[in-house]
Each structure stands twice: as C-alpha cells, then as structure tokens.
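Read through the structure below, which is laid out as structure tokens, and then see the notes.
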Amino acid sequence: MNNRLTLFLVILGVLITGQLSAQYSGEIMLTDLNFLGSGARARAMGGAFMGVSDDASALSWNPAGLMQVMTPQVSFAMDYFGPTAKYDLSYANNSNRDAVDELSADRYPLSFASFTSPLRVKGQPIVASVMYSSVAYDLDNFMLNIDGNLELDDTELDTAFNYLENYDSRLNKFRLGFGTNVWKYLNFGAAIDIYWGSAHYDERMSYSYSFLDPDEGHPVVIDYVRGVADTIDFSGMNFVGSFMWDDDKYNLGLVIKTPFYLSQEHVQHTNDTIWENDLIRVDPGLIDELQKEKIKVPLGIGVGGSYNVNENFLLAGDFEWRRYGSSDIRFHYDSVLSNGEVEENYFESSLPTKNAYAIRMGAEYKFDLSWATIPVRAGFRYETFGWLQEEDIRYELGSEATEDQDSIYNYYSGSDQLTGYTLSLGTGFEWELIKLGFAFEYEARDKDVSGTDAYGPFEATSEYRGPRLIVNFTGLFK
C-alpha cells in the first residue's frame, strides 16, 4: 500500500470526526460569552436586573445601582448545578450508523461573593463594591462507534471507527467598581473586570481499515490511533460603564461593556500512530503543542427598567445586545528576527457569527409576615449566542488536476443562530439584617447540524439542559 493512500485514509478519518463535533484546537472553548450577572434574587427574576440593582449583587448587573445600597453588606452564593448533554446522530441511508450519547455532571461551586459599602471621597458619596462570580460553564461529550464499508478508488474498505471526547470548562470573573450620584436622580457607575478560568479536553480516536491491496493482491490492515489531552487557561480584562435613573416609582438603567480579547492558552499532548499489518508505519510519538488564541468578546449594550406597582410588587425587564458580527479569532505564532530575537505575532480569522441579543423579564412580590418577609419571584430569559448553526456540511472525495493525487473537499455554510431559553423561580426569607434567597433555573439550548460525509447524508442534534439551584446568603452591617 502506498503512502498516498495511507495518508488519505487518515485524513478521511479526521474529517469524519470533525463532522461529529467541534474540534476544539484553535476554536472557541466557550459557547456562552454573554456573561450573565449573579445573585439568587436577580437570577430568580430571569436576570432582569439592570434596572433594579439595589442589593449586594448590584455590581454584577449595573454598578450605577450601587447608590441604592445604604448599609455595608456581604453576600455569597452556592450553586447546585447538574447539566446534561445529549447527542443524537442519524444517517438517511443506514440506521446502523446512528448514535445516541448522553453525559451528566454534578457541580457545587461557589458562584458569587461580594462586599459592598457606602463611602465618602472628598465629600462625594459613593458606594464601592468588590465581587467574585462564575460567569460561564460548558460541558460537552460525544461517543461514537461505526462499522461499515466504504468505496475508495474502486477498492472496498471494511472500516471500524471509534471516537470519544470530553470537554469541561469554567470561566470566572473578579470585578471592582463603584457607583455615585451625578445629578438629581441620575447615578453613574464604573467597574473593571478580570477574567480567568480553565478547561480540560480529552479526545480518543481509533480507525481501522482492512481490504485487499489492488496492486499486490494481499490483505492489508491499517490501524490509526489518536489521543489528545489538552489543558486550556483563560484570561482577559474589560471595563464597564453604566447609568441609572433612580426614581421612587420606576428605574431606568443603561450598561455598556467594552469589547476585549479573551485569551486561551493550551498545553496539548497529541499522540498519532499508524500501523500496517501490525507494523508501525508512522509514529510521531508524543507531540507537545503550546497553542494560544485570542477570541474577541464583542461590545455589549444593555438597557433595563423596573416599575414598582406598589411597595410589595416589582416588575422588571432587560434587553441586551452584543455586536458578535464583528467578532474574530486571532491565532498566535512566533517569528525569528534577523538578530535572533523571537517576535510574537497573531493572524486574524473571522468567525461564523451574527449580532446577538437577550430578552429578560421578571417579577417579585413580597409577603410581609410578623416574623419575616417572604418574597416570591419568577422570570424568563431568551437569548441568542451569536454562533451560527452548522448546515450543509460536506466532505466529498475528488481529484486534483493530477490524476494520481487524491483530495477531500470540505464545504460549510451557516444557518440560524444558536439560541436558548431559561425559566426561573425563587423565594427566600428576609429578616432585619439577614437575607436568605433561593432560585431555581432550567436552561435549554439546542444545536442542529446537517450535511453529507463519506457515509452519506446525516443530521445531528445536540441538546443541552442545565438545571441549577442557587442558595444566596446576605448579611447587613448597621
């Protein structure tokens, strides 16, 4: 068997793998870059909090709302998070290649912590706050086993394909900010965000071919084994500016989040080995790759409003827009200068994205009892994530200008944006100096992929479900 056909088969296996799920090396590690704020009360109201922001979580939504906080307070929240990811792959021509896989996980992270206190700087009243929050979490998994036949250059191949990948990531944020009054009911706020986090990606793939060599007439067995272990570290920084019109009956808020580049640095170990009739043909051994990309997180503009129907009943709504249409990804590379020094460079590539938006609505009603106040909250959130669904993916076999060189053509086009919705409910207990809040969220996000590969037309769906229970404690100081 010649080297050309061996290489061709390996490339074919990698392309089929690419159709099944995203290849993370050099791509976006996080699906959700909308970075929602924190706090059980706000999340129970669907995240409609840019026009409210009057408690310990105000800094994570609208820093200008901090001026409504009258006393020093500390707050922290814990999550019970049980996401599940389900995959369904179906072929039009052969149901034997269909696959279903499901993964679930349990997490108990500290999701939010803050300290807020009113101050005076040269006679000017301000409210300063510092907070930590977990802003994005992704879980991904895929497993597939295929046995079948494939026609290639008038040669029938018996193939066996096994693939497994796991991906787990978390992004955190530290925010430092303040709010102050600038004119009558108009407040201004500003903050700085520092992002960090990590992800782990593991891939295992084996691909076997057996056929009768058309030139030499003897059976040939090719085995290809690939293993990837990748650890990714995130980092980034941006700024937030905001305003709030704080009236007794209604509030209006405006929040602007500056664009920035979120860096993801890899420590990747890859091992590719090819055997022919149990003899090693290609064995590059262990390859260590130190990759680095910068993903542009776009400008975000949010407006929110709240209306106090009476002193116990509150309605709120937010609209947030992100300029994903201008997003890009930058790949790092080094150049050696004539003097021997290494220069760091990036080349830029566009992303298949469109501008995205989120609509959030929420309500709160408080029952005043003799021993405590018990709030009841509900909310709904609908959001787009910028990324396009994958449609009309094609991996086709063809020929170049020279007849003795095989090639593979890869076609791709995008369709609708990736969208999701979240339903939320919450309650709690409020005493004079202590507030205890509970929120339950149910997040749903689906992704559809369709196209054609070497095995024929296929459709794949990815269903993500994220039930979350948030427990939030806030203590006030007199």
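The values are calculated or read from the model by the stated rules, or taken from the named source; none is laboratory data. Being a predicted model, the structure only gives us computed values, none of them experimental. Here Cβ is always computed from backbone atoms with ideal geometry, including for glycine, and neighbour counts include all displayed protein chains. To get the accessible areas, we keep the full protein, side chains included, count just its heavy atoms, and leave off ligands, DNA and RNA. Shrake-Rupley method; radii C 1.70, N 1.55, O 1.52, S 1.80 Å.
Scanning region 60-80 for residues that are over 22 Å from the mean Cα position of the chain (by Cα), closer than 19 Å to Tyr195 by Cα and surrounded by 24 or more Cβ atoms within 10 Å (Cβ to Cβ) yields Asn62, Pro63. Provide a single number: the residues in region 41-59 that are of a type in the set (D, E, K, R) and either assigned to a loop (DSSP other than H, G, I, E, B) or in contact with a helix residue (DSSP H, G or I) (Cβ under 9 Å, 6 or more places away or on another chain) (or both). Counting residues in region 41-59 that are of a type in the set (D, E, K, R) and either assigned to a loop (DSSP other than H, G, I, E, B) or in contact with a helix residue (DSSP H, G or I) (Cβ under 9 Å, 6 or more places away or on another chain) (or both) gives 2. Applying the selection to region 84-135, what residues are open to solvent by less than 20 Å² (accessible area, probe 1.4 Å), in contact with a Leu (Cβ under 7 Å, 6 or more places away or on another chain) and modelled with pLDDT of 85 or more? Scanning region 84-135 gives Ser114, Thr116, Val127, Ser129, Met131, Val135.
Scan region 178-214 for residues that are touching a residue at least 40 places away in the same chain (Cβ under 8 Å) and not in a strand (DSSP E or B) and the total you get is 3.
In region 310-331, what count of residues is obtained for those that are under 21 Å from the mean Cα position of the chain (by Cα) and either more than 30 Å from Ile374 (Cα to Cα) or open to solvent by less than 30 Å² (accessible area, probe 1.4 Å) (or both)? Outline the logic, then answer.
Looking only at region 310-331, we keep the residues that are under 21 Å from the mean Cα position of the chain (by Cα), and these are 319-331.
Now narrow it down to the ones that are either more than 30 Å from Ile374 (Cα to Cα) or open to solvent by less than 30 Å² (accessible area, probe 1.4 Å) (or both): 320-331.
Adding up the residues that qualify gives 12.
The rows are residues; the columns are (1) closer than 17 Å to Ala316 by Cα; (2) in contact (Cβ under 8 Å) with a residue 24 or more places away in the chain; (3) out of contact with any His (no Cβ under 8 Å at 6 or more places or on another chain).
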residue	(1), (2), (3)
Glu344	no, no, no
Ser349	no, no, yes
Arg360	yes, yes, yes
Phe367	no, yes, yes
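The residue of region 189-214 that is most open to solvent (accessible area, probe 1.4 Å), among those that are at pLDDT 80 or above and in contact with a helix residue (DSSP H, G or I) (Cβ under 8 Å, 6 or more places away or on another chain), is Ala190. Within region 293-322, residues that are under 18 Å from Ala44 (Cβ atoms) reach partners that are among the basic types (Lys, Arg) and part of a strand (DSSP E or B) with beta carbons closer than 7 Å, at six or more positions or on different chains, in the pairs Asn312/Lys366; Gly317/Arg360; Asp318/Arg360.
Residues that are crowded, with 24+ Cβ neighbours inside 10 Å and charged (D, E, K, R) were ranked within region 33-54; the one that is farthest from the chain's Cα centre (by Cα) is Arg41. Among the candidates Thr402, Thr373, the residue that is modelled with pLDDT of 80 or more and hydroxyl-bearing (Ser, Thr, Tyr) is uniquely Thr373. Of the strands (runs of 3 or more DSSP E) that lie entirely inside region 61-105, those containing 2 or more residues that are hydrophobic (A, V, I, L, M, F, W, C) and more than 17 Å from Gly39 (Cα to Cα) span 84-91, 99-104.
Of all residues in region 349-369, those satisfying the criterion of being at pLDDT below 85, open to solvent by 30 Å² or more (accessible area, probe 1.4 Å) and part of a strand (DSSP E or B) are Ser349, Ser350. For Pro125, the conditions (1) in a strand (DSSP E or B); (2) touching a Phe, Trp or Tyr at 6+ places or on another chain (Cβ under 9 Å) are fulfilled apart from (2). Put simply, of Leu164, Leu171, Leu262 the only residue that is surrounded by fewer than 21 Cβ atoms within 10 Å (Cβ to Cβ), assigned to a strand (DSSP E or B) and hydrophobic (A, V, I, L, M, F, W, C) is Leu164. Across region 236-259, the qualifying residues are those that are in a strand (DSSP E or B) and hydroxyl-bearing (Ser, Thr, Tyr), and the one among them that is most open to solvent (accessible area, probe 1.4 Å) is Tyr250.
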